[in-house]
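K.L.:
Before I ask anything, let me first share the structure, which is written out below as structure tokens.
Readers should treat all values here as calculations from the given coordinates under stated rules, not as data from a laboratory. These figures come from a predicted structure and were not determined experimentally. Don't worry about glycine lacking a Cβ; one is built from the backbone with ideal geometry, like all the others, and counts go over all protein chains shown.
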Amino acid sequence: MVIDKSVTGRPAVIAPDVARSLSNHTRVNAVGRYKIGITCRPEQRFREYGREFDEMVLLYCSTSRDYVRDLEAMLVEMHWEWCENMIGGGGGSRGSGRHYLYVVRERLSWN
């Protein structure tokens with residue numbers, strides 16, 4: 001399931017809100033594993049994960065790939081000890097149009 005909670009704007013302005021949103025969607029008592037990423041095609045990207053994760057939450061959207069990459073790198077660094085990212089972020093999304101920053105997560109409970 002893909003859930004769109006994305007916000008838009010310049011990273012310098014919205015970064016604290018996106019960081020808070022990520023923290024809310026990755027609470028220790030509700031989420032097992034999670035990974036932060038970027039994509040131009042959320043539904044397709046979520047399907048590519050198969051059964052590895054239960055949900056994808058879109059956190060940020062921009063037509064600027066650089067904005068999304070910078071924000072991803074910042075959030076991965078902040079969550080490095082807990083997220084399953086193998087590299088520090090800033091890769092991913094190729095293509096044109098809207099770029100999305102997302103978190104995929106494995107839910108521990110469905111309360």
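K.L.:
Quick one: in segment 1-20, which of the residues that are assigned to a strand (DSSP E or B) and among the β-branched types (Val, Ile, Thr) is farthest from Arg47 (Cα to Cα)?
P.N.:
Let us first name the residues in segment 1-20 that are assigned to a strand (DSSP E or B), namely 2-7.
Next cut, among the β-branched types (Val, Ile, Thr) only: 2-3, 7.
Working: Val2: 10, Ile3: 13, Val7: 23 Å.
So the residue we want is Val7.
K.L.:
Those residues that are assigned to a helix (DSSP H, G or I), within 18 Å of Val18 (Cα to Cα) and acidic (Asp, Glu), I need them from segment 38-81; list them, please. First the steps, then the outcome.
P.N.:
Filtering segment 38-81 down to residues assigned to a helix (DSSP H, G or I) leaves 42-48, 65-78.
Filter once more, so that each one left must be within 18 Å of Val18 (Cα to Cα): 42, 65-78.
Of everything in segment 38-81, those that are assigned to a helix (DSSP H, G or I), within 18 Å of Val18 (Cα to Cα) and acidic (Asp, Glu) turn out to be Asp66, Asp70, Glu72, Glu77.
K.L.:
For segment 2-9, indicate whether the set of residues that are touching a residue at least 24 places away in the same chain (Cβ under 8 Å), buried (at least 19 other Cβ atoms within 10 Å of the Cβ) and under 14 Å from the mean Cα position of the chain (by Cα) is non-empty.
P.N.:
no
K.L.:
Kindly indicate the residue of segment 23-37 that is of a type in the set (A, V, I, L, M, F, W, C) and assigned to a strand (DSSP E or B) and also surrounded by the most Cβ atoms within 10 Å (Cβ to Cβ) among those meeting that condition. Working first, answer last.
P.N.:
Our first condition is that a residue be of a type in the set (A, V, I, L, M, F, W, C); within segment 23-37, this holds for 28, 30-31, 36.
When the remaining residues are screened for being assigned to a strand (DSSP E or B), the result is 31, 36.
Details: Val31: 19, Ile36: 25.
In this case the residue turns out to be Ile36.
K.L.:
Could you say which residue among Ile14, Ile36 is under 19 Å from Met78 (Cα atoms), within 14 Å of the chain's Cα centre (by Cα) and among the β-branched types (Val, Ile, Thr)?
P.N.:
After applying the criteria, what remains is Ile36.
K.L.:
Okay, moving on. Condition (residue is more than 13 Å from the chain's Cα centre (by Cα), basic (Lys, Arg) and surrounded by 13 or more Cβ atoms within 10 Å (Cβ to Cβ)) applied to segment 43-56: is it met by at least one residue?
P.N.:
no
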